[in-house]
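The block underneath contains the structure these notes are about, expressed in structure tokens.
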Amino acid sequence: MITIIKLLNTYKLTIITMLIIMVLSLIRTDGIKTPPMLAFEGADKVIHVLMYAGLTLVYLVEHSHLLSRERDYQRVKIYSITWIMAMGGLLELAQPIFGGRDKDWKDFLANCTGVILVYLTYRFVLKLILKKQAW
């Protein structure tokens with residue numbers, strides 16, 4: 001029980017961000033008016049990339065904070081973020097059931113793109129930081 005509370009406390013922003021994405025992915029969008037700045041072809045894919053990039057960034061920051069206490073930054077491997085991509089896939093599959101929306105493999109691809117872009121950027125920045133600390 002203490003471990004669950006510790007995890008919830010450690011990853012509270014990740015959980016909040018994840019819940020927001022889940023709600024936004026599963027609600028009906030029939031009556032929602034599109035803002036003019038998002039009225040271009042592929043805007044929904046940009047939104048998917050940004051949502052999942054944001055979730056990944058929040059998770060990596062919280063996870064790095066946990067690992068910094070253990071001084072083990074290198075433990076953040078690609079498999080540690082696969083749950084985010086899996087969540088995106090499951091939400092796409094659940095949309096027709098709960099949200100009355102169509103599932104779209106391009107949305108899933110956009111989700112994965114956001115996750116991978118942030119992960120690669122994170123790894124690059126982490127290498128630069130660790131290289132500077134070694135000096």
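The values are calculated or read from the model by the stated rules, or taken from the named source; none is laboratory data. What you are looking at is a predicted structure, and each value in this text was computed from that prediction instead of being measured. Cβ coordinates were reconstructed from backbone atoms using ideal geometry, including for glycine residues, and neighbour counts include every protein chain displayed.
Some notes on this structure:
- Cβ-Cβ contacts under 8 Å between residues 6 or more apart (or on different chains), taken from a first residue in the range 24-36 that is within 17 Å of residue 93 (Cα to Cα) to a second residue that is among the small types (Gly, Ala, Ser) and surrounded by 10 or more Cβ atoms within 10 Å (Cβ to Cβ), are listed as 25/94; 25/99; 26/94; 26/99; 27/99; 28/99; 28/100; 29/99.
- Count - residues of the range 19-62 that are modelled with pLDDT of 90 or more and assigned to a loop (DSSP other than H, G, I, E, B): 0
- Being assigned to a helix (DSSP H, G or I), at negative phi and modelled with pLDDT under 95 holds for only one residue in 16, 4, and it is 4.
- Residue in the range 20-40 that is exposed (fewer than 13 other Cβ atoms within 10 Å of the Cβ) and either closer than 17 Å to residue 84 by Cβ or touching a Leu at 6+ places or on another chain (Cβ under 6 Å) (or both) present: yes
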